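Everything below concerns the one structure shown next.
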Amino acid sequence: MNLSFTSPFKTTKLGFAAFVVSSLFFSPLAYAAGGGDAPDIKRQNWSFSGFFGKYDKAQLQRGFGVYNEVCSSCHGLKLLSYRNLAEKGGPEFSKEQALAIAQEATVIDGVDDEGEPKERSGKLSDHFVSPFKNEAAARSANNGAYPPDLSVMAKARTYHRHVPWYTEPYYWLYDIATGYEEKGVDYLYALLTGYKKPPRGLALNEGMSYNAVFPGHQIAMSAPLSDEAVEYADGTPTTIDQHARDVSAFLAWTAEPHLNARKDMGKRVMIYLVILALLLYLAKRSVWAREKH
Amino acid sequence: MSDHSSSYEPSNGFTRWLDERLPIIRLMHGQFIDFPTPRNLNYLWTFGAILTFCLMLQIITGIILAMHFVPHGLHAFASVEHIMRNVNWGDLIRYTHAVGASMFFLAAYIHMFRGLYYGSYKSPREILWILGVMIILCMIMTAFMGYSLVWGQMSFWAVTVITNLFTAIPVVGESITQWIWGGYSVGDPTLNRLLSLHYLFPFIIAALVGLHIWALHVVGSNNPTGVEAKTPKDSVSFFPFYVIKDGFAVIVFALLFAWFVFYAPNYLGHSDNFIEANPLQTPPHIVPEWYFLPFYAILRAIPDKLFGVIAMVAAICVLFVIPWLDTSKVRSTRYRPLYKPFFWLFVITCLALGYLGAKAPEGYYLLASRLFTAYYFIHFLVVMPIIGLIETPKQLPDSIAETVLGDASEAEKA
Amino acid sequence: MSSDNNDENRRDFLMVAAGSFAAVGGACALWPLVDQMNPDASAKALATVEVDLSPIKDGQAITIMWRGKPVFIRKRTADEIKEAKDVDVADLPDPQADGDRVKNDEWLVLVGICTHLGCIPSGQKTGENNGEYGGWFCPCHGSHYDTSGRIRKGPAPRNLEVPPYAFVTDTKIKIG
């Protein structure tokens, strides 16, 4: 076998280029997972994905509304503080609105003179109060199932594409090139819209619901969303699909609150580095011009 | 230190005074400004500078993270989220550190492949190579401990699985494992000591890097022809030629680094690590970070627990003896037509093992892992000794200068 | 020769240009590494504290924590107010009129840390030694403070600090 490359570096450069170019001929956006047991999770369009992505403030406010009215009775957001609701890059509620939301919660703060825990209403600086005191309390209220905290749920989930093994590297490169970090968000959206009638012949365990997306297909949470479950002040249609999109986007924000600022800074850094690379390349060429190499 | 006396002349009273007491500027001048370096180095030689950049960045961001991280089971995960959410610039500093670990390994692996291709491990650079293997070993341990600190599901269970491997050691295995744990299972004492050691190791790496550069400077850099520099015509001074070239390479590397930090910071990680550690629930697929996957594949390819561990450790330890396994009289694979395809087969083997490390060890994946594991060891233990003896290498150039200053077609080989 | 010179100038220019551009970026990158040690968002969120004054009776004092420090809030009696205002300001070790230290004569808000070496003066609870001037007494080195929190006797150099505060309503103040 006579492999006559000029240098391994040039070869890998060519190989890499070939990868990237051929990846342009794939449109992974339209793939659907295979049949059988593989759940049907598709890549969605989110306002915050990719190089130019940023959160849609209105969507986050609607999503918070869905969380507050539907999810917060069982799921906590303990890593967030109420003041986050008023910060830039998020739902951007006013300070007063965020304070009103905080004050609806009851916080344990210190002990009274008898040593009993003291309660007060929430402040902006408080963390979100979880609906249950601890895991045991949560399980006992939910037939032994534990509704997990949702603070970072959008990053704690993912899904696997069922594609031929030799195409996987193309998907990796495509995902990196497009900055696709929303697999978890796509999973949440698919889960919330994945409640269906169980297929014929499948007997559900007690208290479980059938979900096309959840691993094992039986989920302890009954379908949380319904059409018109939550009122939207801005006139957006209140379908299950819309509710699912909005709350998934909201959970993306709870997991990654600084996304807007990060991508913004990223553009500046990338432009700076490109200019610096150019300057250094010209300097390098100029320095080496007088030496043969 | 080999004699590369510098042309340094202290320019003022203070520098003269200092030079008589601690000639550090003279040393820096001799080693990084005047230092004669082969004139034909390609961009694969810039990875030393890139790695130094990575090490410094990891140390700086790591020390900062340690100001805010809490190494206790109840608070570790939340303290990392506190850094992400509350600490000024905390999200960028954390992401830089996490992505930085991956970038560090990417650069290290390329640097090692360069060494293998051009025979940079051959005499008189054996110690240089061995120091490099010690560095990668320390890097592996550092990265493993660092990942565990997050105390997510993957952190906790990776520590559990890997520390449990020590129980495979006959007689003393169980005691050693409990000694590592500080208890009867992975817990708070383990986490605390992981932070302490994770903070320590990068400074051990820095010391090894110092020795690595010292060893390099005694003999001088290798070059793509594998022919040593013989006359001053073969070399150029390190400054400005390689300082500017390394500077350019570091910035190009930084572009890739920055892309991940700002636009795909969690891509190289695993979603399960955003679930808090739960000693009562094992994740369905325990997978290490990508840079460990080849070794993980080798570990799981062997059906026996003890021999699997031995194979995984041997995969790194075999690197130590490469200088004595390769019998070739010629350094650079560029002039070794029989060996060249085996080199590329080895590269493919490493990539394949990496891919397979993420798959469940069953069916065709397991078969492939076994075949590639076999080739991994065959490459070092069989191919390297034998090919060197039977191969007829291509005609080597007389000197570096000849390849560079000779006719145009020679000069193309950059 | 002149083309060599031109090349050399171009080389130098590019090296300097690249170097300065790199230095600027490096300096910008340095700021986050320094700023991360500044109080973070959660600390800054606790930087202000609201206190409800309605449960406090005449002559009573409470201690609340603000930014990790104790803050004395005393509802002064008419006598205490008069005592504070009758003092000849020029005689004071740290001259300051009572009017400059309160927004509302009834309410005295002070940081409860002795300006000498940082101990917490006693005098908040009835029965505690509050010194010869009816205010507070620091047991560490014997500093006496009056009913306006001003140093009268002892080694402390300055009056007890008045923290930034404002009345949100008649019965609620926000400190910080």
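The values are calculated or read from the model by the stated rules, or taken from the named source; none is laboratory data. Note that the structure is predicted; figures quoted are calculated from it, not measured. FYI the Cβ positions are ideal-geometry reconstructions off the backbone, even for glycines, and counts take in every protein chain you see. Side chains are part of the model used for accessible areas, which takes the heavy atoms of the whole protein and leaves out ligands, DNA and RNA. Shrake-Rupley method; radii C 1.70, N 1.55, O 1.52, S 1.80 Å.
Roll a 1.4 Å probe over the protein chains and send me the accessible area per residue for region A:146-293 in Å². Each step should come with its number before you reach the end.
Working: 7150 Å² over 148 residues.
Normalised by residue count, the accessible surface of region A:146-293 is 48 Å².
What's the angle, to the nearest 10 degrees (0 to 90), between helix A:183-192's Cα axis and the longest principal axis of chain A? Helix A:183-192 sits at roughly 40 degrees to that axis.
Computed from backbone phi, the HN-Hα couplings of region B:106-113 come to 4, 5, 5, 5, 4, 4, 5, 4 Hz, rounded to whole numbers (Karplus: 6.51 cos²θ - 1.76 cosθ + 1.60, θ = phi - 60°; Gly and Pro given as x).
Which stretch or stretches of region C:142-172 have amide N atoms under 15 Å from the point lying 7 Å from residue C:106's Cα along the Cα→Cβ direction? What the label zone holds, given the 15 Å backbone N cut-off, is C:167-172. Here region B:143-201 and region B:347-402 have alpha carbon centers that stand 32 Å from each other.
Here the accessible area is traced with a 1.4 Å probe on the protein chains. For region B:137-259, carbon and sulfur cover 77 percent of it.
Each residue of region B:284-289 was assigned a 3J(HN,Hα) from its phi angle through the Karplus expression (A = 6.51, B = -1.76, C = 1.60, θ = phi - 60°), giving x, 10, 7, 10, x, 4 Hz with x at Gly and Pro. Charge dipole (Cα centre; +1 on Lys/Arg Cβ, -1 on Asp/Glu Cβ; no other charges) of chain C amounts to roughly 460 debye. Here is the interface size for B with A: some 4900 Å² of accessible area buried, both sides summed, with a 1.4 Å probe. Return the subset of C:57/C:172; C:103/C:125; A:88/A:263 for which the Cα-Cα distance in this structure is over 21 Å, preserving the input order. As for pairs spanning more than 21 Å Cα to Cα, those are C:103/C:125. Between residue B:200 and residue A:204, the modelled labels are 5.5 nm apart [label points 7 Å from Cα along Cα→Cβ].
Simple rule: put +1 on each Lys or Arg Cβ and -1 on each Asp or Glu Cβ in the protein assembly as shown, find the dipole, and look at B:101, B:119, B:291; the Cα lying farthest toward the positive end is B:119. Ignoring the sites themselves, chain B has its longest run without GluC sites (Glu not before Pro) in a DSSP loop having at most 16 other Cβ atoms within 10 Å at B:1-227. Of the GluC sites (Glu not before Pro) found in region A:139-217, the ones in coil according to DSSP and having at most 11 other Cβ atoms within 10 Å of their Cβ are A:206.
Within chain C, the cysteines lacking any other cysteine Cβ closer than 4.7 Å to their own Cβ are C:28. Spin-label model, residue B:17 to residue B:255: label points 7 Å out along the Cα-to-beta-carbon direction sit 4.7 nm apart. In this structure, the amide hydrogen of residue A:105, modeled 1.01 Å from its nitrogen in the peptide plane, lies closer than 5 angstrom to those of A:122, counting only residues at least 5 positions away or on a different chain.
Between amide H atoms placed 1.01 Å from N, distances below 5 Å from residue C:136 occur with C:145, C:146, all of them 5 or more places distant or on a separate chain.
Where nothing but the Cβ of Lys and Arg (+1) and of Asp and Glu (-1) is charged, how large is the charge dipole of region B:290-414 around its Cα centre, in debye to the nearest 20?
Working: 11 positive and 9 negative charges, 84 e Å.
Dipole size: approximately 400 debye.
Here the 3J(HN,Hα) profile of region A:83-92, calculated from phi with Karplus coefficients 6.51, -1.76 and 1.60 at θ = phi - 60°, is 5, 4, 5, 9, 7, 5, x, x, x, 6 Hz, Gly and Pro shown as x.
Considering only B:25, B:286, B:204, the Gaussian network model of chain B with Cα springs below 10 Å gives its largest mean-square fluctuation to B:25. Here the simple spin-label model places points 7 Å from the Cα toward Cβ, and for residue B:193 and residue A:58 these points are separated by 5.8 nm.
A DSSP coil position with no more than 12 other Cβ atoms inside 10 Å describes the following chymotrypsin sites (Phe, Trp or Tyr not before Pro) in region A:49-80: A:52.
For residue C:78 and residue C:58, calculate 0.36 nm times their separation in residues minus their Cα-Cα distance, and state this gained length in nm to one decimal. Before the final figure, lay out the partial values.
Details: separation 20, 0.36 × 20 = 7.20 nm, distance 0.90 nm.
Full-extension gain reported as 6.3 nm.
Close amide H partners of residue A:81, meaning residues 5 or more places away or on another chain with modelled amide H under 5 Å apart, are A:128. How far is helix A:168-177 tilted off the main Cα axis of chain A, in degrees rounded to 10, range 0 to 90? With rounding to tens, the tilt is 80 degrees.
Largest GNM mean-square fluctuation among A:240, A:101, A:271, using chain A with Cα springs under 10 Å: A:271. By the rule of a C-alpha distance below 12 Å, with chain neighbours fewer than 8 residues away ignored, the aspartates and glutamates paired with residue C:82 are C:98, C:105, C:106, C:146. The stretch between residue A:45 and residue A:114 holds 19.3 nm of extra length on full extension. This uses 0.36 nm per residue minus the Cα-Cα distance.
Just check region B:1-77 against the gyration tensor rule for me: Cα atoms, a ≥ b ≥ c as the square roots of the eigenvalues, rounded for a/c under 1.5, and otherwise prolate or oblate depending on whether a/b exceeds b/c. Don't jump to the answer; show the numbers that get you there.
Values: a/c = 4.39, a/b = 1.74, b/c = 2.53.
Oblate.
Note the angle between two axes, namely the Cα long axis of helix B:363-378 and the longest principal axis of the Cα atoms of chain B, as a number of degrees from 0 to 90, rounded to the nearest 10. On a 0 to 90 degree scale, this one is about 40.
Within the listed set B:41, B:22, B:106, the Gaussian network model of chain B (springs between alpha-carbon atoms below 10 Å) gives the highest mean-square fluctuation for B:22. Between residue C:122 and residue C:31, the FRET efficiency from the beta-carbon distance, with R0 = 45 Å, is close to 0.50. Among the trypsin sites (Lys or Arg not before Pro) found in region B:264-360, those both in a DSSP coil and sparsely packed, with 14 or fewer other Cβ atoms within 10 Å of their Cβ, are B:329. Would you please give the FRET efficiency between residue A:285 and residue C:140, computed as 1/(1 + (r/R0)^6) with r the Cβ-Cβ distance and R0 = 45 Å, to the nearest 0.05? About 0.05, to the nearest 0.05.
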